[in-house]
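Worksheet: the structure to be examined is printed underneath.
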Amino acid sequence: MPSVTYLYHSRLGSNFVCLKFIGHSLCVDSTNRVVRHLSNCIGNPFNVSARKFSNYKETPEALSARKLSETKEKPLHIPVMKEEVLENAGLNNESVFLDMTFGAGGHTQSILDKYSSSKAYCLDRDPVAYQMACDLQTKYPERVVPLLGKFSELPGLLKEQDARQNYFDAILFDFGCSSMQFDEGGRGFSVSKNGPLDMRMDGNRHPQNPTAADVLATADEHDLYKIFKVYGEEKKARKIARAVVEARYLFTPLQTTRELADLISSVLVNETRTDKLDRHTHVATKIFQALRIFVNNELNEINYGLLLAQRYLRIGGRLITICFHSLEDLIVKRHITGNMTDNEINMLPLQYVDNSRWHDRQSIDEFTSSHWQPLLKHVLVPSDYEVESNPRSRSAKIRAAVRVS
């Protein structure tokens, strides 16, 4: 791998650790602030299903026909809380909106169908999703603009399209991985499907970027502990990090998702974990989440994407976010409430700021001012029916806000 320096941040806030990936090693750099330029579904639960037959055996022809039928009927990705998104987007037939996480385009297509003259800009960093956006463009000529890139690449992409600031009527974020990425074992996102430990959402668009296998092969135990603890919120992070390093030196570096999952299973042999539906989940789920977030620099991309949303939405335009875990939701909450310092979120909520200090009204108003007005008093969560029909929606939370300044 070429000696290229990569900078990742373990948390957004005033105190965090920068991990620099240099050649074949990771080094830790402590700092208080990283200057940013303005002017990055939780892992798939391990779900084993068994088809039970009693005194019955399918013929090979019937089995082939059933599998073919299931393949045709199963959509690539089911959009989460589609009706709630339509209800809170505040669009009409003349609206122009930006889907920052196009995926399979379920939300975008529903909006285009409902509002016959609306126009959609479709951004995604995944080349597969970008190709699907191009296919959608042929179905809705002159109404779809496909964009390939990360949130941080958006300004350059919109400049090529002559899209100015204060241009969009609504911007939608659907954070996390899509079902397409989880269901394809070769991408390395899924615990239950064997494949190379890649986890790059960009695919091979930037081949010089490190994969999850590169991180596991080069990071020391302390770095791995930080990744697993901060990004995955894993209670046994230190124990798993030690096992990864020992396996690397005693045997061989981990190269596949099955090798990593089996290693973690052997470390946490007596643990059983369940999801919100009380279904069994693999003990490696949080580690896969942590590696994915780290490899793709997701939290910094989310922070930067929300800053861009404030620039590109018109006054009165609406922001819709769908989050699947607490790290994503924390960043969104801080942006909407204005709990920010120098374009970075503050780790503490406003009510925990030092109350022993006295401030005048002007200072307090400046500190608590926000560019957003929340539309919803509480987050929206999927209905029981939706969770039953699409279990991957169980952790979804929708927040909506209007840009006021």
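The values are calculated or read from the model by the stated rules, or taken from the named source; none is laboratory data. Since the model is a prediction, treat every value here as computed from it, not as a measurement. Here the Cβ is made from the backbone with ideal geometry for all residues, glycine too, and neighbour counts use every protein chain on show. For accessibility, only protein heavy atoms count, side chains too; no ligands or nucleic acids. Shrake-Rupley method; radii C 1.70, N 1.55, O 1.52, S 1.80 Å.
Of all residues in the range 284-307, which are open to solvent by 10 Å² or more (accessible area, probe 1.4 Å) and over 21 Å from residue 187 (Cβ atoms)?
Listed by number, the residues that qualify are 300, 304, 307.
Tally the residues that are closer than 18 Å to residue 215 by Cβ and basic (Lys, Arg), restricting the search to the range 247-282.
Selection size over the range 247-282: 2.
Here's the yes/no breakdown for (1) more than 19 Å from residue 304 (Cβ to Cβ); (2) at pLDDT 95 or above; (3) aromatic (Phe, Trp, Tyr):
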{"position": "118", "(1), (2), (3)": "yes, yes, no"}
{"position": "123", "(1), (2), (3)": "no, yes, no"}
{"position": "127", "(1), (2), (3)": "yes, no, no"}
{"position": "134", "(1), (2), (3)": "yes, yes, no"}
{"position": "153", "(1), (2), (3)": "no, yes, no"}
{"position": "184", "(1), (2), (3)": "yes, no, no"}
{"position": "190", "(1), (2), (3)": "yes, no, no"}
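In this structure, is residue 315 of a type in the set (A, V, I, L, M), open to solvent by 30 Å² or more (accessible area, probe 1.4 Å) and either more than 25 Å from the chain's Cα centre (by Cα) or assigned by the TED database to the domain that holds residue 375 (or both)?
Yes; evaluated as a whole, the condition is true for this residue.
So in the range 74-95, with the set limited to residues that are under 19 Å from the mean Cα position of the chain (by Cα) and surrounded by fewer than 19 Cβ atoms within 10 Å (Cβ to Cβ), which one is modelled with the highest pLDDT? Explain how you work it out, then say what you get.
Our first condition is that a residue be under 19 Å from the mean Cα position of the chain (by Cα); within the range 74-95, this holds for 76-82, 85.
Filter once more, so that each one left must be surrounded by fewer than 19 Cβ atoms within 10 Å (Cβ to Cβ): 76, 78, 82.
On the way: 76: 60, 78: 84, 82: 94.
Ranking the qualifying residues of the range 74-95, first place goes to 82.
Tell me which helices (runs of 4 or more DSSP H) are completely within the range 243-346 and hold 3 or more residues being farther than 29 Å from residue 164 by Cα and among the charged types (D, E, K, R), or say none if there are none.
Fully inside the range 243-346 and qualifying: 257-267.
Within the range 96-128, can you find the residues that are more than 19 Å from residue 154 (Cβ to Cβ), of a type in the set (Gly, Ala, Ser) and open to solvent by less than 10 Å² (accessible area, probe 1.4 Å)?
118
For the range 243-283, how many residues meet the condition of being under 28 Å from residue 397 (Cβ atoms) and either open to solvent by 70 Å² or more (accessible area, probe 1.4 Å) or under 25 Å from the mean Cα position of the chain (by Cα) (or both)?
Residues flagged as under 28 Å from residue 397 (Cβ atoms) and either open to solvent by 70 Å² or more (accessible area, probe 1.4 Å) or under 25 Å from the mean Cα position of the chain (by Cα) (or both) within the range 243-283 amount to 15.
If I filter the range 146-162 for residues that are small (Gly, Ala, Ser), open to solvent by 10 Å² or more (accessible area, probe 1.4 Å) and farther than 26 Å from residue 83 by Cβ, do I get at least one hit?
The answer is yes, given that some residue of the range 146-162 is small (Gly, Ala, Ser), open to solvent by 10 Å² or more (accessible area, probe 1.4 Å) and farther than 26 Å from residue 83 by Cβ.
Right, residue 285: assigned by the TED database to the domain that holds residue 213 and among the polar types (S, T, N, Q) or not?
yes
Return the residues of the range 380-400 that are under 19 Å from the mean Cα position of the chain (by Cα), of a type in the set (Ser, Thr, Tyr) and assigned to a helix (DSSP H, G or I); say none if nothing qualifies.
393
Given (1) open to solvent by 30 Å² or more (accessible area, probe 1.4 Å); (2) of a type in the set (D, E, K, R); (3) more than 23 Å from residue 180 (Cα to Cα); (4) more than 21 Å from the chain's Cα centre (by Cα), identify the lone condition not met by residue 403.
The failed condition is (1).
Looking only at residues that are over 22 Å from residue 262 (Cα atoms) and at pLDDT 90 or above in the range 192-203, which one is surrounded by the fewest Cβ atoms within 10 Å (Cβ to Cβ)?
202
On the given criteria, is residue 234 part of a loop (DSSP other than H, G, I, E, B) and modelled with pLDDT of 95 or more?
Yes, satisfied.
Take residue 339 and decide whether it is farther than 30 Å from residue 275 by Cα, open to solvent by 30 Å² or more (accessible area, probe 1.4 Å) and either at pLDDT below 95 or in contact with a His (Cβ under 8 Å, 6 or more places away or on another chain) (or both). Outline the logic, then answer.
Values: farther than 30 Å from residue 275 by Cα: yes; open to solvent by 30 Å² or more (accessible area, probe 1.4 Å): no; either at pLDDT below 95 or in contact with a His (Cβ under 8 Å, 6 or more places away or on another chain) (or both): yes.
Spelling it out, it is not the case that residue 339 is farther than 30 Å from residue 275 by Cα, open to solvent by 30 Å² or more (accessible area, probe 1.4 Å) and either at pLDDT below 95 or in contact with a His (Cβ under 8 Å, 6 or more places away or on another chain) (or both).
Could you please let me know if residue 361 is at pLDDT below 90 and open to solvent by 60 Å² or more (accessible area, probe 1.4 Å)? Talk me through it step by step, then tell me what you get.
On the way: at pLDDT below 90: yes; open to solvent by 60 Å² or more (accessible area, probe 1.4 Å): yes.
Yes; evaluated as a whole, the condition is true for this residue.
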